[in-house]
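Chemist: Below you'll find the structure I mean.
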Amino acid sequence: MLEEKNDNLQDADGKLATETTETATAESNSTDDTANEEAVNDHQKAMNAIEDSNAEESEDETLKDRHEIPMQDYDSLSMEELVENLKSITAVEKVMSVKDHVDEIKKSFLAKYNDFIEEKKEAFHAEQPDSTEDFQYHLPLKTQFDEYYNAYKDRKNTHFKSLQTNLKSNLEVRLAIVEELKELINPQEDIKDTLKHFNELRERWKNAGSIPKDKYNHVWNNYHFHVENFYDYLHLDREARDLDFKHNLEQKQKIILRVDELLQEDDIQKAFRELQDLHRMWKEDIGPVGKEHREEIWNLFSELTKRMHDKRELLFEKQRAVEVENLALKNQIIADIEALATVKVNSHSQWMVQIEKVEALRTAFFNAGKVPVEVNESTWKSFKNAVRDFNSFKNSFYKEIKKDQNENLNKKNALVAQAQALQNSDDFETTTNTMKRIQEEWKQIGHVPRKASDKVWSEFKTACNYYFDRLKEQKYESNAQEVAAFEAKREYLESLRDFELSGSHKEDLDAIKLHIANWKELGRVPHARRHIEGKFNKILDALFDKLSLSKKDTDMMRFSTRIDQLAENNDTRKLENEKIFIIRKIEEVQNEIFQLENNIQFFTNTKNAKKENSIVLEVRKNIAIHKESLDIWKEKLVQLRNLNQE
């Protein structure tokens, strides 16, 4: 009967007083061996699921508390969140109750950590392709994780060692109780003493403690086998036995009613855990019932258990369907990352957009939820490969950028060397333009490697600032000298207003030249007060007008005075403009002379060429005037060029 194979627990190894019982036991064991070799039926699947879990929790009772902690989707958490979860969850006293959670956290954290380290390693080799240095990276978060995990592992090992010692001792106690149960079947002993001894054994059994889970069913089967035989084969007090059977039947009927109620429970997992407890009570706490009820009540309990198991399996199927949907989503994410690893972009800003897309896809992957366990590893591997391929594709671009940046660094280092070589120069007039040119060249050079950027910029800025600070100091000193020169020139200008020509051409010319030389000796005046130069030039013009100088001499003296003042004030722009103006005037006068000479040629080829008329004479006169003007312009150009050579 089904009840005999379950409630009597057929795996017992007890030996009965009669040959019939031994034969029945042998047949039962033979039947079980055959059943184990064949496919397990639906009822037995349900029973096995509960028995396996109960055996595990019986070995270590702290495992019962694991159901009170909801299992999270740890794959969706960041490394920081995983460390915080590990810290809080390992703070509980019952270490084995959180074992599954710790294992899941460890798996998720190490997967993310290894992925993170691989990215850092690839970036390191991308930035330093020729480096022979071993890659090293310290993540403080990994240190925290190891600290919490190792503390948990030490506590778990201590707990496990203590547990193993107790399990072995408890097993010996329970096996000894079973042996004593066998010896109770003794017709020569007083029934009251036997019953008292039996109750003592039952009490000792309840308090005997946990045993190894692989021994759990076998030992319990033996115990129940001999308990039932004690009731069935001894000549006990019938009334006491029937009362005990009745009490046990009522307890098992209550369990059946509760299981029936659990079938209506919405929280299937919670209901199944309570069903486990009810099975434990049925097996461990409640004794046998009368033979006439055993098969019926066991079949009812077994049927209700199967229905609960079927509901649980349906829940698992729904979860499986969700996991399959999650798998499809993760596969699509992997495909999207693989596609991004083929899109070539040519600027840092575009790569930043691509990187943001991949980061968003990575986040979506971790938030997508669990996938079927049989494809979990392969899916994770495909994801890592897709991200790695993208990073390799990205790094190939940045290797080229790195090459360009190193070239830029060489260029900037060369400018640093120039700036440092010039920073102490006293030739401010020439060096200032060079330093400004160097600064403009610096702006045109692109990025350099980030680790060298601050250093090279600091060196360049220090050299430039040092030079321009010296230039400011020099200008400050020059400004003081220029103000003094202005005051001296203003006084000199007042004294010059009283100057009178003597009438002697040579003496007056020498006197004017002396005034010009004295004026130049007084030095440069501030830019804002250069109007005093104009006043001096007006006085000179008036003096030149009074002198009986040729037009050329007068013009050249005025020109020399003006360009000397421009040169003294370092007004290179006006000097260059003056040079351009003179060159244009020379070209203009030369063209005029050429045109006039062509006109003369025209008249000399006519029949009256021997006799020049007034028009021809006028043209020749104009040619002479233009040639005189041309000589003056050329002399001015020579004077300007000589000034530049100086």
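Chemist: Report, in whole Å, the centroid distance computed from the Cα atoms of the range 373-443 and the range 193-272.
Modeler: Comparing the Cα centres of the range 373-443 and the range 193-272, I get a distance of 79 Å.
Chemist: Enter the accessible area of ASP73 (Å², nearest 10), with the probe set to 1.4 Å and all protein chains included.
Modeler: 50
Chemist: Tell me the label-point distance for the pair ALA421, PHE116, using the 7 Å Cα-to-Cβ offset, in nm and rounded to one decimal.
Modeler: Here the answer is 4.9 nm between the modelled labels.
Chemist: I would also like to ask the following. With a 1.4 Å probe and all protein chains kept in place, how do HIS531, HIS224 rank by accessible area, largest first?
Modeler: Working: HIS531 100, HIS224 20 Å².
Heavy-atom accessible area, descending, gives HIS531, HIS224.
Chemist: What would the Debye equation give as log₁₀ I(q)/I(0) for the range 169-293 at q = 0.21, 0.22 Å⁻¹, counting only Cα atoms as equal point scatterers?
Modeler: Log10 I(q)/I(0), no solvent term: -1.26, -1.32.
Chemist: While we're on this one: Working out 0.36 nm times the residue gap between SER458 and ALA528, then minus their Cα-Cα distance, what length gain in nm do you get to one decimal? List each step's numbers first, then the result.
Modeler: Details: separation 70, 0.36 × 70 = 25.20 nm, distance 3.62 nm.
Using 0.36 nm per residue and subtracting the Cα-Cα distance, I get 21.6 nm.
Chemist: Using a Förster distance of 30 angstrom, determine the FRET efficiency expected from the C-beta separation of GLU325 and TYR398, and round it to 0.05. Before the final figure, lay out each step's value.
Modeler: Values: r = 37 Å, r/R0 = 1.23.
E(calc), rounded to 0.05, equals 0.20.
Chemist: Read phi for every residue in the range 592-602 and hand back ³J(HN,Hα) as whole Hz from Karplus 6.51 cos²θ - 1.76 cosθ + 1.60, θ = phi - 60°, with x for Gly and Pro.
Modeler: 5, 4, 4, 5, 5, 5, 4, 5, 4, 4, 5
Chemist: Return the sequence-ordered ³J(HN,Hα) values of the range 452-462 in whole Hz as given by the Karplus equation 6.51 cos²θ - 1.76 cosθ + 1.60 applied to θ = phi - 60°, using x for Gly and Pro.
Modeler: 9, 4, 5, 5, 5, 5, 4, 5, 5, 5, 4
Chemist: Between GLN72 and GLU295, what is the spin-label point distance in nm, taking each point 7 Å from the Cα along the Cα→C-beta axis?
Modeler: 5.4
Chemist: Counting only protein heavy atoms and using a 1.4 Å probe, what share of the accessible area of the range 369-519 belongs to carbon plus sulfur, as a whole percent? Numbers along the way, then the final one.
Modeler: Values: 4600 of 9310 Å².
Heavy-atom surface of the range 369-519 belonging to carbon and sulfur, 1.4 Å probe: 49 percent.
Chemist: While we're looking at this one, here's another question. So how much accessible area does ILE445 have, in Å² to the nearest 10, using a 1.4 Å probe?
Modeler: About 30 Å², ignoring ligands and nucleic acids.
Chemist: If packing is taken as the mean number of other Cβ atoms within 10 Å per residue, what is the order of 628-639, 534-545, highest first? List each step's numbers first, then the result.
Modeler: On the way: 628-639: 16.2, 534-545: 13.9.
Ranked from most to least packed, the peptides come out as 628-639, 534-545.
Chemist: Sticking with this one: Let me check something: with ligands and nucleic acids excluded, how do TYR398, TYR152 order by accessible area (1.4 Å probe), largest to smallest? Kindly include the intermediate steps, with their values, before the conclusion.
Modeler: Working: TYR398 55, TYR152 5 Å².
Ranked list, largest accessible area first: TYR398, TYR152.
Chemist: Of the heavy-atom accessible surface of the range 260-348 (probe 1.4 angstrom), what whole percent is carbon and sulfur?
Modeler: Working: 2400 of 4830 Å².
After summing per-atom areas, the C and S share lands at 50 percent.
Chemist: Of LYS246/LYS270; LYS472/LYS579; LYS270/LYS306, which pairs sit farther than 25 Å apart, going by alpha carbon to alpha carbon?
Modeler: Over 25 Å apart, Cα to Cα: LYS246/LYS270; LYS472/LYS579.
Chemist: Treating cross-link reach as a plain straight distance, find the lysines whose alpha-carbon is under 16 Å from the alpha-carbon of LYS394, omitting any fewer than eight places away in the same chain.
Modeler: Hits, sequence-local ones excluded: LYS120, LYS121, LYS344, LYS357, LYS384, LYS402, LYS403.
Chemist: Multiplying the sequence separation of THR342 and ASP545 by 0.36 nm and subtracting their Cα-Cα distance, what value in nm do you get?
Modeler: Details: separation 203, 0.36 × 203 = 73.08 nm, distance 8.58 nm.
So the chain would gain 64.5 nm between THR342 and ASP545.
Chemist: Quick one: Karplus J couplings for the range 582-590, per residue in order, coefficients 6.51, -1.76, 1.60, θ = phi - 60°, nearest Hz, x for Gly and Pro?
Modeler: 5, 4, 5, 5, 4, 4, 5, 5, 4
Chemist: Continuing with the same structure: Please arrange SER382, SER349 by accessible surface area, largest first, computed with a 1.4 Å probe and ligands excluded.
Modeler: On the way: SER382 50, SER349 75 Å².
Ranked list, largest accessible area first: SER349, SER382.
Chemist: So, one more: Roughly speaking, what is the centre-to-centre gap between the range 319-365 and the range 494-516 when only Cα atoms are used, to the nearest Å?
Modeler: 93
Chemist: Here is a follow-up. On a straight-distance basis, which lysines could pair with LYS192 in a cross-link, Cα separation under 20 angstrom, same-chain partners fewer than 8 positions away excluded?
Modeler: Within the straight-line cut-off, LYS192 pairs with LYS182.
Chemist: Once ligands and nucleic acids are excluded and a 1.4 Å probe is used, how much of ASP310 is accessible, expressed in Å² to the nearest 10?
Modeler: The accessible area comes out at roughly 60 Å².
The values are calculated or read from the model by the stated rules, or taken from the named source; none is laboratory data. Bear in mind that the values here come from a model prediction, so they are computed numbers and not experimental data. For neighbour counting, all protein chains shown are included, and Cβ atoms are generated from backbone atoms with ideal geometry for every residue, glycine included. Side chains are part of the model used for accessible areas, which takes the heavy atoms of the whole protein and leaves out ligands, DNA and RNA. Shrake-Rupley method; radii C 1.70, N 1.55, O 1.52, S 1.80 Å.
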